[in-house]
Amino acid sequence: MASNEQSSALRSQIWRIANDVRGAVDGWDFKHFVLGTLFYRFISENFSNYIEADDESINYSKLSDDIITSEIKDDAIKTKGYFIYPSQLFSNIVASANTNDSLNTDLASIFAAIESSAAGYPSEQDIKGLFADFDTTSNRLGNTVKDKNKRLADVLKGVAGLDFGNFQDNQIDLFGDAYEFLISNYAANAGKSGGEFFTPQHVSKLIAQLAMHGQKTVNKIYDPAAGSGSLLLQAKKHFDAHIIEDGFFGQELNHTTYNLARMNMFLHNINYDKFNMQLGDTLISPHFGDDKPFDAIVSNPPYSVKWAGSDDPTLINDDRFAPAGVLAPKSKADFAFVLHCLSYLSAKGRAAIVCFPGIFYRGGAEQKIRKYLVDNNYIESIISLAPNLFYGTSIAVTILVLAKNKTDTNIQFIDASGENFFKKETNNNVMYDNHIADIMDKFDSKKNVAHIATSIPYDEIVENDYNLSVSSYVESKDTSEVINITDLNAEIETTVNKIDRLRSDIDSIVAEIES
């Protein structure tokens with residue numbers, strides 16, 4: 001079966017399992033059990049494949065735990081980041097799932113053992129808490145142990161039935177694609193809460209290409225509001241793995257989403273030593289200060305969220321915000337994320353950031369920050385997208401592209417909100433590869449295209465009080481019908497003549513009847 005056909009079949013099957021098995025459990029809550037089980041199967045097969053090392057005489061799942069030496073375990077953890085004993089493998093647990101009266105507690109013990117195997121090793125923080133949201137004792141699975149075990153067994157059996165083929169033969173991304181498909185569907189059906197942690201793949205694809213454009217290699221890529229990691233992973237999918245030399249970095253505030261992101265890295269075959277995901281508030285407690293600068297930054301931060309701002313007197317002296325001379329408003333942290341990204345960006349790199357449109361024309365502190373960005377020539381392009389591209393919101397967002405190595409002082413504006421840049425599908429609009437390629441072509445060429453793209457010189461931006469709204473510079477196409485007055489008058493004259501003849505004919509008929 002071709003990889004695209006296999007992927008399509010998997011998607012259909014896995015979503016059916018997710019819906020059929022959950023029963024009365026809300027889909028948004030149930031995602032942890034399906035995603036966690038998919039992850040458990042992946043790391044089990046991945047680990048077995050590593051131990052067997054293509055030696056057909058070895059079947060790790062059939063070995064006894066007793067033959068594992070401390071040297072074998074130590075070497076495996078240093079390489080893979082964790083250890084799984086044969087008895088703990090997914091395939092062995094699923095084989096007896098329907099008859100195991102202690103399935104839920106056995107799974108809890110296995111997950112705890114996998115996580116604790118990394119204790120004291122460099123991978124400890126990357127593995128710790130990965131299964132925290134896979135609570136096998138949760139009442140969401142049922143009120144009794146029997147109910148819990150039944151539902152867990154159903155999930156295990158369902159995921160076991162997914163046809164990934166032989167692990168070493170298949171395209172590893174099948175696991176990652178299945179995971180991405182699941183979380184995108186959960187996000188789509190969860191409304192606003194889903195949109196907060198997942199950027200649709202088509203938008204992620206555009207943002208990754210913007211950030212990586214023209215760079216043959218980047219030292220590393222970073223997302224300060226990483227969500228489930230979808231933006232970072234699009235960079236891996238779009239470019240050969242070797243182009244990103246030192247790996248993937250991200251910070252996420254929500255603990256559950258942070259776990260999803262780490263799982264997502266593993267499921268896309270990114271080993272623990274090639275990614276660094278951290279938990280916490282990027283604006284108040286940023287990580288990776290010692291790792292910056294980054295050659296590529298991608299981000300879809302939360303729109304207009306509240307933050308400490310001026311309530312914290314230390315922030316105005318923070319290296320990230322001090323150069324602008326003003327903090328983003330307490331009620332709208334958008335520009336705080338922008339300035340954070342700028343601070344972490346290398347001299348040769350690019351940052352592509354999804355922004356709420358209001359920050360490009362509002363006054364006050366936001367106008368002063370725009371002035372700082374424009375006066376220092378940090379803005380390369382501003383691109384407005386179509387509405388309804390994201391889950392949970394219908395607003396038409398804007399992408400801000402920052403760069404520190406511009407060769408001129410112009411700012412490019414692209415209006416990609418028209419119907420030529422998306423296709424409407426069910427409840428959302430979608431950008432296909434041809435739409436993305438069209439935007440990237442205009443971004444690359446910097447040519448003026450009527451009603452779509454224009455490059456505006458610095459002086460004109462200043463004269464316009466640093467307004468950076470795309471609609472202020474890209475003239476909308478006049479779609480009203482052009483009327484030829486001469487032709488219209490001729491038509492009117494013809495119509496009037498016809499009416500006069502009809503009246504005359506009617507008068508003749510009436511006179512004839514009366515006589």
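The values are calculated or read from the model by the stated rules, or taken from the named source; none is laboratory data. Just so it is clear, the structure is predicted and the values come from calculations on it, not from any experiment. Cβ atoms come from the backbone with ideal geometry, glycine included; neighbour counts cover every protein chain shown. Side chains included, ligands, DNA and RNA excluded: accessible areas come from the protein's heavy atoms. Shrake-Rupley method; radii C 1.70, N 1.55, O 1.52, S 1.80 Å.
A few points about this structure:
- Residue by residue, the stretch 138-151 carries 3J(HN,Hα) couplings of 5, 5, 5, 7, x, 7, 10, 4, 4, 5, 4, 5, 4, 5 Hz when phi is fed to the Karplus relation 6.51 cos²θ - 1.76 cosθ + 1.60 (θ = phi - 60°); x denotes Gly or Pro.
- For residue 294, the residues 5 or more places off, or on other chains, whose built amide H falls under 5 Å of its own are 345, 346.
- A simple charge model with +1 on the Cβ of Lys and Arg, -1 on the Cβ of Asp and Glu and nothing else charged puts the dipole of the chain at about 920 debye relative to its Cα centre.
- In the context of the full protein assembly, residue 368 retains an accessible surface of approximately 120 Å², using a probe radius of 1.4 Å and ignoring ligands and nucleic acids.
- The candidates 451, 242, arranged from most to least accessible area with a 1.4 Å probe in the full protein assembly, appear as 242, 451.
- Other residues lying with their Cβ under 15 Å from the Cβ of residue 432 contribute a combined charge of -2, Lys and Arg counting +1, Asp and Glu -1.
- Computed on protein heavy atoms with a 1.4 Å probe, the accessible areas place 66, 106 in the order 66, 106, largest first.
- Label separation (residue 426 vs residue 405): 4.2 nm, computed from points 7 Å beyond Cα along the C-beta direction.
- Placing 486, 495 in order of accessible area, with the largest value first and a 1.4 Å probe, yields 486, 495.
- Along each principal axis, taking the top coordinate minus the bottom one, the Cα set of the stretch 372-515 gives 94, 40, 25 Å in descending order.
- DSSP-defined beta bridges in the chain - what % are antiparallel, rounded to 5: 50 percent
- The chain, accessible surface, carbon-and-sulfur percent (1.4 angstrom probe): 47 percent
- Rounded to 10°, Cα long-axis angle of helix 485-514 versus longest principal axis of the chain: 60 degrees
- With the whole protein complex present, residue 366 retains an accessible surface near 10 Å², based on a 1.4 Å probe.
- Cross-link partners of residue 332 among lysines, defined as those whose alpha carbon lies under 21 angstrom from its own and excluding same-chain residues fewer than eight positions apart: 192, 306, 368, 371.
- Between the stretch 377-405 and the stretch 112-168, the alpha-carbon centres lie 38 Å apart.
- Summarising the amide proton neighbourhood of residue 380: residues at separation of 5 or more, or on other chains, whose placed amide H is nearer than 5 Å comprise 401, 402, 403.
- Across the chain, C-alpha contacts under 8 Å between residues 6 or more apart give a mean separation that, scaled by the residue count, equals a relative contact order of 11 percent.
- Cα long-axis angle, helix 3-22 against the chain (0 to 90 degrees, to the nearest 10): 80 degrees
- Taking the helices alone, the chain has a mean residue ellipticity at 222 nm of -13500 deg cm²/dmol, built from -39,500 (n - 2.57) per DSSP H run of at least 4 residues and averaged over all its residues.
- Amide H contacts of residue 355 (H built 1.01 Å from N, under 5 Å, at least 5 apart or other chain): 398, 399, 400
- Counted charge near residue 78, where neighbours are those whose Cβ lies closer than 14 Å (Asp, Glu -1; Lys, Arg +1): -4
- Simple label model, 7 Å out from Cα along Cβ direction - residue 75 to residue 463, nm: 7.2 nm
- Rounded accessible area per residue of the chain, 1.4 Å, Å²: 46 Å²
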